[in-house]
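The values are calculated or read from the model by the stated rules, or taken from the named source; none is laboratory data. Quick caveat: nothing in here was measured; it's all calculated off a predicted structure. Reconstructed Cβ throughout: ideal geometry from the backbone, glycine too, with neighbour counts over all protein chains shown. Remember, those area values only see protein heavy atoms, side chains included, never the ligands or the DNA or RNA. Shrake-Rupley method; radii C 1.70, N 1.55, O 1.52, S 1.80 Å.
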Amino acid sequence: MSMPIESLPADWYTDSGAYRTERERIFKRNWCFVCPEAELSKSGQYVTSEISGQSIVICRDQHGQLQGYLNVCRHRASPVCIKSAGNASHLVCPYHAWSYGLDGKLLNAPGFGRDFDRTKYSLFSIRVETWNSLVFACLDTACKGLNEWLGGIVRLTEHFPAVEDMQFHVRLANAFKANWKTYGDNSAEGYHLATIHPDLSQSLTPEIRITAHENGQYVGFEVVNREDGSPGYWIYKFPGLLMHFGKKSFNLECIRPLDVNQSQTERWFWFRPEVEDRERNEMVRFSNRIMQEDIEICIRVQENLQAGFYDRGMLSPEHELGTVFFQSCVRQALEDG
Ligand code: FES
Ligand SMILES: [Fe+2]
């Protein structure tokens, strides 16, 4: 058996300075899920989202291309789009009505006169790419492309139904009082399955294969449903993307830090067309319960991390392999500068 490994120090979970560094070095440097591509199927459709506290807007332009911008007016920094989604031929800032084309160019700045050089005040562009009918955005020009970032996930999941062959069912969001890593540490291991999630544990066969890939950039859980023998593949992709692939459903979860001790999970659910509403609702209810069980224990852990007595614990490379890798990704991102 390999030796236990020390976990991250408690103050990384409670210190605002550490949190600011993580936003800069982790969340601003990775791809982040935005929405199902179906929400941006027509020119003029837009959605707003957020990466690392920065509001963004993604739209389908007049040529049918996806475009992404910081949702920040070049006049005096108001968000240009206030709603979470909409449809527009151009984007008009609610503050003083500067308006932008779907290509991000400033069209009109009321009262600024003819000599004002509008070409200098386009919206700031950000990167947008899609995979499996899912839209992702990235604030970092140096980050690898989305497919490369996803790495082996693309191939490992291709035998599960594609998102375009499923129906979108529901999106749910929950905020909770814990650092994003407290939830991340928990999501990356299966050690707590039997204790925190007895019903989930009962619904699966006992052999769950957990494998870390690409230096722990993602962790895969191979599971089998005890009742019907169907396989499932769960993924935790660093820093905060969780995906559950099944033969008749797919769900995706994003962990977003809101503050050092406040996080949010957003979940999206898809089902194969033959899955009836009753079964869909039952699966979502079950998922809600599992998530509540996770959130409750994470809140309690966070309270103890904040109390100031506990500093570091130990991780088992055998049972908590995913957490070992998750923490090493955090360490590496912070040490790389
Ligand atoms: S801040 Fe947008 S028009 Fe003034
Ligand atoms: Fe859990």
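Quick check: net charge around ASN215, other residues with Cβ under 15 Å of its Cβ, Lys/Arg +1 and Asp/Glu -1? Local net charge: -1.
Label-to-label distance for GLN262 and THR130 is 3.4 nm, based on points extended 7 Å past Cα in the beta-carbon direction.
Count Lys and Arg as plus one, Asp and Glu as minus one, and take only other residues whose Cβ is under 14 Å from that of ASP61; the net charge is then +2. Were the residues from GLU318 through ARG278 laid out at 0.36 nm apart, the gain over their Cα-Cα distance would be 10.6 nm. Listed as lacking a disulfide-compatible partner in the chain: CYS32, CYS35, CYS59, CYS81, CYS138, CYS143, CYS254, CYS298, CYS329, by the criterion of no other cysteine Cβ under 4.7 Å. Using helices alone, what [θ] at 222 nm do you get for the chain, with -39,500 (n - 2.57) per DSSP H run of 4 or more residues, divided over all residues and rounded to the nearest 500? Mean residue ellipticity, 222 nm, calculated: -7500 deg cm²/dmol. Rounded to whole numbers, the Karplus 3J(HN,Hα) couplings from phi for region 108-125 are 8, 10, x, x, 7, x, 6, 7, 5, 7, 5, 5, 7, 10, 6, 4, 6, 7 Hz, using 6.51 cos²θ - 1.76 cosθ + 1.60 with θ = phi - 60°, and x at Gly and Pro.
The ratio of the alpha-carbon radius of gyration of region 242-337 to the globular-protein estimate 2.2 N^0.38 Å is 1.38.
The distance between label points at TYR310 and ARG226 comes to 2.8 nm (points 7 Å beyond Cα on the Cα→Cβ vector). Measuring nothing but protein heavy atoms, the accessible surface of region 31-139 at 1.4 Å probe radius is 49 percent carbon and sulfur. Each Lys and Arg Cβ is given +1 and each Asp and Glu Cβ -1; about its Cα centre, the chain then shows a dipole of about 1340 debye.
Taking 0.36 nm per residue of sequence separation and removing the Cα-Cα distance, the SER16/TYR121 pair yields an extension gain of 34.5 nm.
A cut-off of 5 Å between modelled amide H atoms, ignoring neighbours fewer than 5 places along the same chain, links LEU134 with GLU37.
3J(HN,Hα) along region 296-303: 4, 5, 5, 4, 5, 4, 4, 4 Hz, from the Karplus curve 6.51 cos²θ - 1.76 cosθ + 1.60 with θ = phi - 60°, whole Hz, x for Gly and Pro. Look at where the Cα atoms of region 151-185 and of region 259-337 average out, and the two centres are 12 Å apart. Amide H to amide H, with H built 1.01 Å from N, ASN108 comes under 5 Å of SER99, counting only residues 5 or more places away or on other chains. What the phi angles of region 312-329 give under the Karplus curve with 6.51, -1.76 and 1.60, with θ = phi - 60°, is a coupling list of 9, x, 10, 10, 8, x, 7, 9, 10, 3, x, 5, 4, 6, 4, 5, 6, 5 Hz, glycine and proline written as x.
Evaluating kT/(6 pi eta Rh) at 20 °C and 1.002 mPa s, with the Kirkwood radius of region 31-139 over Cα pairs in the Stokes-Einstein relation, gives 154 µm² s⁻¹.
Once the 1.4 Å probe is applied to the protein heavy atoms, the chain comes out at 49 Å² accessible per residue.
Candidate cross-link partners of LYS105 among the lysines, defined by an alpha-carbon separation under 22 Å and a same-chain spacing of 8 or more, comprise LYS42, LYS83, LYS120. Peptides 52-62, 275-285 ranked from most to least packed by the mean count of surrounding Cβ atoms within 10 Å: 52-62, 275-285. For the residues GLY313, GLY190, GLY104, a GNM of the chain with alpha-carbon springs under 10 Å puts the largest fluctuation on GLY313. Percent of C-alpha pairs per 20 Å bin in the chain, short distances first: 29, 55, 15, 1. Taking a sphere under 11 Å around the Cβ of LYS237 and counting the other residues whose Cβ falls inside, with K and R at +1 and D and E at -1, yields a net charge of -2. Take the alpha carbon atoms of region 193-253, find their center, do the same for region 113-135, and report the distance between the two centers in whole angstrom. Cα centres, region 193-253 to region 113-135: 38 Å.
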